[in-house]
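Participant: Sharing a structure here in structure tokens format.
The values are calculated or read from the model by the stated rules, or taken from the named source; none is laboratory data. None of the values given here were measured: they were computed from a predicted structure. Heads up, the Cβs are rebuilt from the backbone with ideal geometry, glycines too, and the neighbour counts pull from every protein chain shown. Areas reflect the complete protein model, heavy atoms only, side chains present, ligands, DNA and RNA absent. Shrake-Rupley method; radii C 1.70, N 1.55, O 1.52, S 1.80 Å.
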Amino acid sequence: SGKALYVSDIEMDGLLYAKTLRSSVAKAKIKKVNLPDLPEGYYVVDHHDILKENYVKMVFKDWPVFAVDQVNYIGEPILLVVGPDKIVIDEILSKIKVDYELETPVFEFVHSAIHKSYVKGDFAGALKNAARIIEETYETGYQEQAYIEPQGMLAYPEGPQKITLIGSMQCPFYIKNAVMNSLGYGEDQVRVIQPAVGGAFGGKEEFPSTIGCQLATAVAKIQKPIKMIFEREEDILTTTKRHPSKIVMKAVLDKNNRIQGIQAHVSLDNGAYNGLSGVVLARAMIAVTASYTVPNLDVSGDVYTTNTVPTGAFRGFGAPQMIFAVEMFIHHIAKELKVDQLEFRLKHLTKQGDLTTTYRTYRDPIIRKKKKKKAMAISDYKRKVEQYSAPNSFKGIGMSWFFHGCGFTGSGEATHIKARVKLVKDESDQVFVYVASADMGQGCKTTLKRIVAKTLNLPNEKVTFDYPDTDFVPDSGPTVASRTIMIVGGLLARASQSLKKQWVSGKPAEVIERYQQP
């Protein structure tokens, strides 16, 4: 209907606009920032205005809200210009001159910021008994999330010591915690509201926290509502991308052409700051054998700091880079062995009861044989392989497998996220769903509401689920890692069962459900 309000649609009395002055060089010391005289009603906001901590709270403390005396990539934020007219803001930005002392940037994998490793089985023993060793290297580049709506946020004072932020986001509490950290504010002094969001795909997981800290700092100084919406060019140039990778794979094969061991090293391009790169690296390394079982592994990885735009969350979170490498590697091994690549894949596919890369057991049935049979029938795979193998056919068909883990790995859900959900029933038997899950096009406003309605045997219209507002919803965790239906949906189902047991028509009730590790 066109009635959905995205952040750029929201207007307020006295609204100001902000634009960012960014570094034009990849690496340099800032000697001086030369500002013009500002017209009345226009402001500059920079690191001097930070009330407490000049870093964006993520995993590490290295990502500045505003550059201080050093810039480390083209596009790094130095300051905001704020005022009522965007054209005047552009004129002011054009007159600001930054004196740089240029330094030599690094664009190669030289400086490791994070290193991880693990082993499974006895790779050294497998190596001693190898009938054949095959080694290859794979590289992947940047990817842009290309969400329909660019990054944007609006912040306004809600009293002298409280700031509210409305923005295009995946993780309201990430932003809340980051802003509290930068301003030194308490929980009741920062409020984050999610409006309609036009796509994200990971690109609005950690990055909006940077905009949130910048705008909150500006609002704390100016005490007026301020909006900052990126143009598409600015968005593509300066926001996080998928990590470029270089993956070295070495396979040890026995005399029966079975892979007995894999040694792998994955290098990820961090960009200038760490962000979530350590977790992305871990996720990539866990996927080292993708959908196959290999008994002996020696896996290591490094995140390298370069003077490029920081990389970050992107759908799949490190696993797509690794799964691409594994699938290409398996295919190339089969070609070198002169065996059918599909049969070679099937021989190594994971089965129920196998050990994962990190010594856990696949507990549930894996129905890939049925899937394979159906996929081959639909695609007419065998006939096409024969037909396309003819010289100069210029056609091809291939088959590959992938796997995906939903939710945070290890004890992440239990020790770091600790998700909570809340259901409230009023006197009219209307049920209200309170969770922090953001609907950014994937439909959780429909699906989570439906889980509650079905569990309680209610019509959909008797269940209300509004966009998250951190003043009212508990922290049910970020909307990332395909965890919303699996984790939050599961919690809501259990909360609904509890509410069902104490249901008395016309009597208000409230249920809070907390995540527990299986």
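Participant: Could you list, in sequence order, all residues of segment 341-351 that are open to solvent by less than 50 Å² (accessible area, probe 1.4 Å), of a type outside the set (A, V, I, L, M) and within 32 Å of the chain's Cα centre (by Cα)?
Facilitator: 345, 348, 350
Participant: Here is a further query. Could you give every pair whose Cβ atoms fall below 7 Å, whose first residue belongs to segment 475-490 and is surrounded by fewer than 22 Cβ atoms within 10 Å (Cβ to Cβ), and whose second residue is of a type in the set (A, V, I, L, M) and part of a loop (DSSP other than H, G, I, E, B), counting only separations of at least 6 or pairs across chains?
Facilitator: Pairs found: 475/436.
Participant: Can I ask one more? For segment 281-340, how many residues meet the condition of being open to solvent by less than 10 Å² (accessible area, probe 1.4 Å) and either of a type in the set (A, V, I, L, M, F, W, C) or touching a Gly at 6+ places or on another chain (Cβ under 8 Å) (or both)?
Facilitator: Looking only at that region, the number is 22.
Participant: Still on this structure, please answer the following. Considering only residues that are crowded, with 24+ Cβ neighbours inside 10 Å and within 18 Å of residue 241 (Cβ to Cβ), which ones fall in segment 172-201?
Facilitator: 200, the sole residue that qualifies.
Participant: Continuing with this model, one more query. Can you pull out every residue in segment 394-424 that is open to solvent by 60 Å² or more (accessible area, probe 1.4 Å) and of a type in the set (D, E, K, R)?
Facilitator: Scanning segment 394-424 gives 395, 418, 420.
Participant: What pairs can you find where one residue is in segment 8-27 and in contact (Cβ under 8 Å) with a residue 24 or more places away in the chain and β-branched (Val, Ile, Thr), the other is open to solvent by less than 30 Å² (accessible area, probe 1.4 Å) and part of a loop (DSSP other than H, G, I, E, B), and their Cβ atoms are less than 7 Å apart, with a gap of 6+ or different chains?
Facilitator: 10/195
Participant: Now for a different question. Are any of the residues in segment 204-223 in contact with a Leu (Cβ under 8 Å, 6 or more places away or on another chain) and part of a strand (DSSP E or B)?
Facilitator: There is no residue in segment 204-223 that is in contact with a Leu (Cβ under 8 Å, 6 or more places away or on another chain) and part of a strand (DSSP E or B).
Participant: Still on this structure, I have one more. Are there any pairs with C-beta distances below 6 angstrom linking a residue in segment 405-418 that is touching a residue at least 40 places away in the same chain (Cβ under 8 Å) to a residue that is of a type in the set (A, V, I, L, M) and surrounded by fewer than 16 Cβ atoms within 10 Å (Cβ to Cβ), with the two at least 6 apart or on different chains, and if so which?
Facilitator: From segment 405-418, the pairs are 406/486; 407/486.
Participant: Select from segment 242-265 the residues that are over 18 Å from residue 300 (Cβ atoms), assigned to a strand (DSSP E or B) and open to solvent by 50 Å² or more (accessible area, probe 1.4 Å) and list them in ascending order.
Facilitator: Answer for segment 242-265, where residues must be over 18 Å from residue 300 (Cβ atoms), assigned to a strand (DSSP E or B) and open to solvent by 50 Å² or more (accessible area, probe 1.4 Å): just 260.
Participant: Given the condition open to solvent by 50 Å² or more (accessible area, probe 1.4 Å) and farther than 26 Å from residue 262 by Cβ, answer yes or no: does some residue in segment 358-372 qualify?
Facilitator: Yes - at least one qualifying residue is present in segment 358-372.
Participant: Okay, next question. Does residue 96 satisfy being without any contact (Cβ under 8 Å) to a residue 60 or more places away in the chain, over 16 Å from residue 305 (Cβ atoms) and not aromatic (Phe, Trp, Tyr)? Let's see the steps before the verdict.
Facilitator: Working: without any contact (Cβ under 8 Å) to a residue 60 or more places away in the chain: no; over 16 Å from residue 305 (Cβ atoms): yes; not aromatic (Phe, Trp, Tyr): yes.
For residue 96, the condition - without any contact (Cβ under 8 Å) to a residue 60 or more places away in the chain, over 16 Å from residue 305 (Cβ atoms) and not aromatic (Phe, Trp, Tyr) - is not met.
Participant: Only one of 429, 466 is farther than 18 Å from residue 508 by Cβ and surrounded by fewer than 19 Cβ atoms within 10 Å (Cβ to Cβ); which? Show your work before the answer.
Facilitator: On the way: 429 fails: farther than 18 Å from residue 508 by Cβ.
On inspection, the qualifying residue turns out to be 466.
Participant: Counting residues that are surrounded by fewer than 19 Cβ atoms within 10 Å (Cβ to Cβ), which strands (runs of 3 or more DSSP E) fully inside segment 1-111 reach at least 2? Please lay out each step first, then the result.
Facilitator: Working: elements: 16-22, 28-34, 43-45, 77-83, 97-102.
Of the strands (runs of 3 or more DSSP E) lying wholly inside segment 1-111, those with at least 2 residues that are surrounded by fewer than 19 Cβ atoms within 10 Å (Cβ to Cβ) span 28-34, 97-102.
Participant: Is there a residue being among the basic types (Lys, Arg), within 26 Å of residue 15 (Cα to Cα) and at pLDDT 95 or above anywhere in segment 57-64? Quick ask: steps written out before the conclusion?
Facilitator: Of segment 57-64, the ones among the basic types (Lys, Arg) are 57, 61.
Now narrow it down to the ones that are within 26 Å of residue 15 (Cα to Cα): none.
No; the residues of segment 57-64 include none that is among the basic types (Lys, Arg), within 26 Å of residue 15 (Cα to Cα) and at pLDDT 95 or above.
Participant: Right, here's the next one. Checking residue 452 against (1) closer than 28 Å to residue 202 by Cα; (2) in a helix (DSSP H, G or I); (3) at pLDDT below 95; (4) open to solvent by less than 50 Å² (accessible area, probe 1.4 Å), which test does it fail?
Facilitator: Residue 452 satisfies all of (1) closer than 28 Å to residue 202 by Cα; (2) in a helix (DSSP H, G or I); (3) at pLDDT below 95; (4) open to solvent by less than 50 Å² (accessible area, probe 1.4 Å) except (3).
Participant: Additional query: May I ask you to verify whether residue 136 is out of contact with any Asp or Glu (no Cβ under 8 Å at 6 or more places or on another chain), farther than 23 Å from residue 239 by Cβ, open to solvent by 20 Å² or more (accessible area, probe 1.4 Å) and without any contact (Cβ under 8 Å) to a residue 24 or more places away in the chain? If you could, list the steps in order and put the result at the bottom.
Facilitator: Details: out of contact with any Asp or Glu (no Cβ under 8 Å at 6 or more places or on another chain): yes; farther than 23 Å from residue 239 by Cβ: yes; open to solvent by 20 Å² or more (accessible area, probe 1.4 Å): yes; without any contact (Cβ under 8 Å) to a residue 24 or more places away in the chain: no.
Criteria not met by residue 136.
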